[in-house]
């Protein structure tokens, strides 16, 4: 006994569809398929063209977002405050850079000035005492009363026909160059030299030089005296001291002026007179390399006129 599907599903009749298809005409079926195909093509084509437009994939809007005017004004004020703060910071930085540069240049200039002054003073004097009679300090020789220069070891020849001896220059006393032979030589063993100081001072000490390498040491001064003068024509001046130069001692020998109570020797002077009273045995001439005048007060600014 065979079993058919209709036995399990009494309402199902597979031949019903077949029977319906047998009653439909071929033209109806073709038309139905064409309509289905056109519908499918239209759906697929529309989807294709829709996806081809990037605007449909990445949608955006050109509309400007709305912002509360109060908030916008507050943001603008904050931005302006930041801008002003940056401008002030830049100005402050520039001012500090300029200030530091000025300070550095001033310090550098001050250091260079102090070092240069110290070097000049030491190089000029070698004894650490400022020389107010030196040419670099404004000093000058104004006269040599009764004293006549001795011919120096220099001659001038005119076309090898006439030879003239060059006289010793008293300005050598106030120059820093005291090489052997570069001295003020004068006839005999007695001489007077008057010097204008660069500044009016109270004289505290004097220094006399004689080069140890000089070929003739007997021309060196031995006993000498120093007078203070108020003006270049004062005669005699105020005796400040009488001293003895030691020919076997140092090249530069400093002699302090003995302190005294308020009186003539305590006054300030703008001129001095050096009197060489004797030398070490040279009758023809004496030779003085350098004479210096010192004061412990280095702040004198009054200039001799």
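Restricting 258, 242 to residues that are modelled with pLDDT of 95 or more, loosely packed, with under 14 Cβ neighbours inside 10 Å and more than 43 Å from the chain's Cα centre (by Cα) narrows the list to 242.
Among the residues making up the range 187-218, a single one is over 47 Å from the mean Cα position of the chain (by Cα), closer than 23 Å to residue 135 by Cβ and surrounded by fewer than 23 Cβ atoms within 10 Å (Cβ to Cβ): 192. Only one entry of 82, 103 meets the criterion of being at pLDDT 85 or above, surrounded by 10 or more Cβ atoms within 10 Å (Cβ to Cβ) and more than 23 Å from the chain's Cα centre (by Cα), and that entry is 82.
Filtering the range 270-296 to residues that are closer than 20 Å to residue 246 by Cβ, in contact with a strand residue (DSSP E or B) (Cβ under 6 Å, 6 or more places away or on another chain) and not in a strand (DSSP E or B) leaves 277, 278, 289. I need the full set of residues from the range 138-163 which are within 24 Å of residue 282 (Cβ to Cβ) and modelled with pLDDT under 55, in order please. 155 - this is the single residue of the range 138-163 that is within 24 Å of residue 282 (Cβ to Cβ) and modelled with pLDDT under 55.
As a summary of the residue check, residue 192 satisfies the conditions (1) in contact (Cβ under 8 Å) with a residue 12 or more places away in the chain; (2) out of contact with any strand residue (DSSP E or B) (no Cβ under 8 Å at 6 or more places or on another chain); (3) within 21 Å of residue 140 (Cβ to Cβ) except for the one numbered (2).
The values are calculated or read from the model by the stated rules, or taken from the named source; none is laboratory data. Everything quoted here is computed from the prediction, not taken from an experiment. When we count neighbours, we look across all protein chains shown, and the Cβ atoms used for this are built from the backbone with ideal geometry, even at glycine.
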